[in-house]
1. Restricting to the range 209-223, count the residues that are in contact with a strand residue (DSSP E or B) (Cβ under 7 Å, 6 or more places away or on another chain) and either surrounded by fewer than 24 Cβ atoms within 10 Å (Cβ to Cβ) or among the β-branched types (Val, Ile, Thr) (or both).
2. Could you please find all residues in the range 156-191 being touching a residue at least 40 places away in the same chain (Cβ under 8 Å) and acidic (Asp, Glu)?
3. Considering every residue within the range 150-159, establish whether at least one is surrounded by fewer than 22 Cβ atoms within 10 Å (Cβ to Cβ), touching a helix residue (DSSP H, G or I) at 6+ places or on another chain (Cβ under 9 Å) and assigned to a loop (DSSP other than H, G, I, E, B).
4. Find all pairs meeting these conditions: Cβ atoms under 6 angstrom apart; at least six residues apart or on different chains; first residue within the range 236-248 and farther than 16 Å from SER212 by Cα and at pLDDT below 95; second residue open to solvent by less than 30 Å² (accessible area, probe 1.4 Å) and among the hydroxyl-bearing types (Ser, Thr, Tyr).
5. What are the residues in the range 253-298 that are over 30 Å from GLN62 (Cβ atoms), outside any helix (DSSP H, G or I), open to solvent by less than 60 Å² (accessible area, probe 1.4 Å) and not hydrophobic (A, V, I, L, M, F, W, C), if any?
6. Pick out, from the range 1-120, the helices (runs of 4 or more DSSP H) lying fully within it that include 1 or more residues that are in contact with a strand residue (DSSP E or B) (Cβ under 7 Å, 6 or more places away or on another chain).
7. Considering the range 197-237 alone, what residues qualify as being under 24 Å from PHE32 (Cα atoms) and in a helix (DSSP H, G or I)?
8. Being more than 25 Å from GLY292 (Cα to Cα) and of a type outside the set (Val, Ile, Thr) is the filter here, so list the residues in the range 92-116 that pass it.
Amino acid sequence: MKPELPVRRAILERRTYEAPAEGRSGKMRLDFNENTAGCSPAVRHALAKLTAKQLAMYPEYQAATRRLARHFRVRPEELMLANGGDDALRVFFDTFVDAESSILISEPTFPMYRYYGEIYGAHIFALRYGPEMEFPLEGVLAALRKKPRVLFIANPNNPTGTQLRQKEVRKILQAATHTAVVLDEAYSDFSGVTVVPWIWKYPQLFVARTFSKTAGLAALRLGAVIACKESLALLRRAMPPFPVNVAALVAAQAAVDDRATMQRYVRSVKRLRAWLTVELKKLGVKAYPSTGNFLLANFGPEGPALFRTLEKQGILLRERSREIAPGFVRITIGTPTEMHRLLKIIRKEWKPPA
């Protein structure tokens, strides 16, 4: 007997976003926008204090939620924790998206929006950023008239690094009368701009945040959704009872208590981001303005060969040739030592087109 499993068509047809390759440890990881400086020493100290009994019981969330809500300057009932930023996005599909219903995105952007859309069998309306990575505002406003279930906007956007102005966000929210608007603020610490306070005015607004970037907790998987109490209650209906592990809760509280370490990291990123932009332009490489902890750069048709050379030397970048055009790459802003080494090798290996 040869069994045939009844797999959903959407799963068989899924094509986007494969998991990061194994074997990245020990290399210069400038490919996934991780905090390459690492988490606060206070985090490791807090984790070391976890007892065997704590690890043996199901986690409790009230105390951690209260502390993290203060960090985001919201009330506990306006904050929902999730198993990483990716899971924080999945819950919008569980809550709002039926098969054959529609979502709205603008590409290039974080591929998990399309990934979940494909898995859930949604119609994906995708607009394109402009040649200078301009957000397609008028197209989004027009598409909202068709009442998509969810609009996802990464702000700052990954991989372009662009930031929507607040007046543009306001126009979108005013037009989205029948759409959940998810502002993914994974990189907002580096831009200094957030719309979290707007949740009290716009019940259709949901702000997604992560502890993987500034806090340096990518391995522990902790994300959050912030919204008004009534709207967030809808998402809670789709959440499992124990979505976050106790180590992530303990680590996040320790991270936000050590605000100085996170602020120091953000300042370093901003300084090195500006420096790398200038140095790449000196080499004839187009680097786009960024408000994240990364840069999008265009090395042109000869870029892919350079990226392969860098990988052979243990330097990992996030090539975007397929999503944008040959030669595009996203470069995570690492430590000063990492960035100087990267530039040194680029200068040695990069031969700009004549």
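The values are calculated or read from the model by the stated rules, or taken from the named source; none is laboratory data. Every value quoted in this text rests on a predicted model; they were computed, and no experiment measured them. All Cβ positions, even for glycine, are placed from backbone atoms using ideal geometry, and neighbour counts span all protein chains on display. Surface accessibility is based on the protein's heavy atoms, side chains included, excluding ligands, DNA and RNA. Shrake-Rupley method; radii C 1.70, N 1.55, O 1.52, S 1.80 Å.
1. 1
2. So the first thing to find is which residues in the range 156-191 are touching a residue at least 40 places away in the same chain (Cβ under 8 Å), and the list is 156-163, 179-180, 182, 184, 186-187, 189-191.
Of everything in the range 156-191, those that are touching a residue at least 40 places away in the same chain (Cβ under 8 Å) and acidic (Asp, Glu) turn out to be ASP184, ASP189.
3. Checking the range 150-159: not a single residue is surrounded by fewer than 22 Cβ atoms within 10 Å (Cβ to Cβ), touching a helix residue (DSSP H, G or I) at 6+ places or on another chain (Cβ under 9 Å) and assigned to a loop (DSSP other than H, G, I, E, B).
4. The qualifying pairs do not exist here.
5. Going through the range 253-298, the residues over 30 Å from GLN62 (Cβ atoms) turn out to be 264, 267-298.
Subsequent filtering for residues that are outside any helix (DSSP H, G or I) retains 283-298.
Subsequent filtering for residues that are open to solvent by less than 60 Å² (accessible area, probe 1.4 Å) retains 283, 285, 287-288, 290-298.
TYR288, SER290, THR291, GLY292, ASN293, ASN298 - these are the residues of the range 253-298 that are over 30 Å from GLN62 (Cβ atoms), outside any helix (DSSP H, G or I), open to solvent by less than 60 Å² (accessible area, probe 1.4 Å) and not hydrophobic (A, V, I, L, M, F, W, C).
6. Working: elements: 9-13, 41-48, 52-56, 62-72, 84-96, 112-119.
Those helices (runs of 4 or more DSSP H) span 62-72, 84-96, 112-119.
7. ALA218, ALA219, LEU220
8. Of everything in the range 92-116, those that are more than 25 Å from GLY292 (Cα to Cα) and of a type outside the set (Val, Ile, Thr) turn out to be PHE93, ASP94, PHE96, ASP98, ALA99, GLU100, SER101, SER102.
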